[in-house]
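The values are calculated or read from the model by the stated rules, or taken from the named source; none is laboratory data. This one's a predicted model, so the numbers in the text were calculated from it and none came from an experiment. Using ideal geometry, Cβ is built from the backbone for each residue, glycine included, and neighbour counts are taken over all protein chains shown. For the accessible areas, the whole protein counts, side chains as well, though only heavy atoms, and no ligand, DNA or RNA atoms are used. Shrake-Rupley method; radii C 1.70, N 1.55, O 1.52, S 1.80 Å.
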Amino acid sequence: MLISKPIAEGIRDGRVRTLYRRWDVPRVKVGGTQLTSAGVVTFTRVVRIKDLDGISDRAARAAGMKDGAALRKALAPRDRKPSARGSRGGENVYRIHVIWAGEDPRTALRERLPDAAELAEIGRRLARLDARPAGPWTHEILAWIRANPRVVSKELAALRGVELLPMKADIRKLKSLGLTISHDVGYELSPRGAAYLDHLGGA
């Protein structure tokens, strides 16, 4: 489920306590979690809403919307094929109750300098990522990020001569290992990522 950065930050500080989505069936489970830009979110309740007109302004504001009318407009179905990820796809509207569960675990990981065993494990995991038909890529992209920190992603893709979206997907894989940090503009190596490159003996 897509959760925008402003909504995720609202969940974190307690302003946003619910989300509304239009689905055929619920796509999240009570007790499930999701990693967002503001940390981990837990889903505590999922309720089907039968009467959209009954959603009050107060309830809409708890979902980060201006008022009930704005929420109903956002949930209005469109004459298009339902999206598996969008809020307007599907026949039913669900209210999802959410709470902030904690920081992104990658935040602490990226600050932790790896010991010998962790360096070996990072190497093994990157080797698995490198084992794709196009060939190895992890060292190259880590080195590019070190040499070009906070460069807008489009420029970074142009510098590397690769397509933007696949490159961003690759960097997310490195981020999940605590090796990179995403900024509003561009990326940089985390202390953990820099330590791993130093271990390999090159920038």
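For this structure, a couple of remarks:
- Cα long-axis angle, helix 191-200 against the chain (0 to 90 degrees, to the nearest 10): 30
- On the chain, 52 percent of the accessible area sits on carbon and sulfur atoms, based on a 1.4 Å probe.
- For the stretch 151-200, the dipole from Cβ point charges (+1 on Lys and Arg, -1 on Asp and Glu) about the Cα centre works out to 160 debye, to the nearest 20.
- Taking all protein chains into account, the per residue accessible area for the chain stands at 57 Å² (1.4 Å probe).
- The alpha carbons of the chain give a radius of gyration and a Dmax of 20.5, 63 Å, in that order.
- Check: the chain dipole with +1 on Lys, Arg Cβ and -1 on Asp, Glu Cβ, in debye: 920
- The residue list Ala62, Pro114, Val151 was ranked by how far each Cα lies along the charge dipole of the chain toward its positive end, using unit charges on Cβ atoms, and Ala62 comes out on top.
- Accessible-area value, Asp53, 1.4 Å probe, nucleic acids and ligands omitted, Å²: 120
- Principal-axis tilt of helix 138-147 within the chain, Cα atoms, nearest 10 degrees: 90
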